[in-house]
Amino acid sequence: MFAVFNEKHPLCSRKSIGIKELAREPLLTFKGSSCGMLVASNLMNSIKKTEEIKNIEARNIGTIIEMVREGIESAVIPNLAIPLNYSGICSVPIKPEIKRKIALAAQSLDNLSLSAKAFVEITEKFMEKFKTIS
């Protein structure tokens, strides 16, 4: 998970941001998603009063990124969801890291459709490549 800010935000120059400091920022999160719940629980664990959290929820990653780009709020989103070469935003790692596990599940890999097999293969290749750059 990374904090994402408008490119003019003062925290864009940082190499990382602590969760307590991030909790003071007004944030956009994914409504009803595991990412949103993960971020909210980390924020609540870092401060004493839940009413101190300034949080707005949205349902679409594109909406969140555009709102950040326009300077409306900041956000915490998965690294995989941050668009590459996207102007107007910056991403800053959160320390300590907020991590989540992603899994693919099937009753049997032998009985997958051709498209599902292709998806698994592409995902495996992507994850191997991603491990080398993260």
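Each reported figure results from applying straightforward, stated rules to the coordinates on display, with no laboratory input. Bear in mind that the values here come from a model prediction, so they are computed numbers and not experimental data. Methodologically, a virtual Cβ is constructed for each residue, glycine included, from the backbone with ideal geometry; neighbour enumeration extends over all protein chains shown.
General remarks:
- Added length on full extension, which subtracts the Cα-Cα distance from 0.36 nm per residue, Glu57 to Leu104: 14.3 nm
- For Lys95, the amide hydrogen comes within under 5 Å of the amide hydrogens of Ile17, Gly18, Ile19, counting only partners 5 or more places away or on other chains and with H modelled in the peptide plane.
- Approximate spin-label separation Asn111-Lys129, in nm, with each point projected 7 Å along Cα-to-Cβ: 3.2
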